[in-house]
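To start, the structure under review is shown below, and the notes come after it.
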Amino acid sequence: MWIMLSDCFYSIVAKDCGPNELLIRARRKGDIEKCFPAAKVIMNTSGDYLYRAIAPRDEVAAAIGAKIRDIDYPNFKDSVQDQALHDAYVAVWFEMAELQFQHHR
């Protein structure tokens, strides 16, 4: 699952972890700690995501749920202050808009 937050991006998967855990992956240093401050983050240069941490599924669900409860913006893209992250999200937005257009034809 891809999770796009106003200040960080994650790929969360059930890989290389126990059945009650999830692997949180990030592309930027410090992103995992923004939502999971107690996580033990490792750097893995052999994978496509440089930063990784394993956390219990319940903790991941609680942390992401808290972010959902805290939403206070009317437009997600406008809530992203980091320009590089904003630009990446706009690129994804554009691709998804194009997919919508192609699907709706």
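Of note:
- With Cα atoms, 0 to 90° folded angle of helix 57-69 axis to the chain main axis: 40 degrees
- Using R0 = 25 Å, the C-beta based FRET efficiency linking His103 and Ala62 works out to 0.15.
- The alpha-carbon atoms of the chain, seen along their principal axes, cover 43, 31, 25 angstrom, with the largest extent given first.
- Remark: spin-label model distance Met43-Trp2 equals 2.5 nm, labels positioned 7 Å along the Cα→Cβ axis.
- Taking θ as phi - 60° and the Karplus parameters 6.51, -1.76 and 1.60, the scalar couplings of the stretch 24-39 work out to 9, 10, 9, 9, 10, 4, x, 5, 4, 5, 5, 10, 10, x, 8, 5 Hz in sequence order, x denoting glycine and proline.
- The chain - percent relative contact order, Cα under 8 Å, separation 6 or more: 22 percent
- Straight-distance crosslink candidates among aspartates and glutamates, where the alpha carbon sits under 18 Å from Lys34 and sequence neighbours closer than 8 are dropped: Asp7, Asp58, Glu59, Asp70, Asp72, Asp82
- Selected from Arg25, Arg57, Arg69 as most flexible by GNM, with the chain as the system and alpha-carbon contacts under 10 Å: Arg69
Rule-based calculations on the coordinates, nothing more; no lab input. Quick caveat: nothing in here was measured; it's all calculated off a predicted structure. Methodologically, a virtual Cβ is constructed for each residue, glycine included, from the backbone with ideal geometry; neighbour enumeration extends over all protein chains shown.
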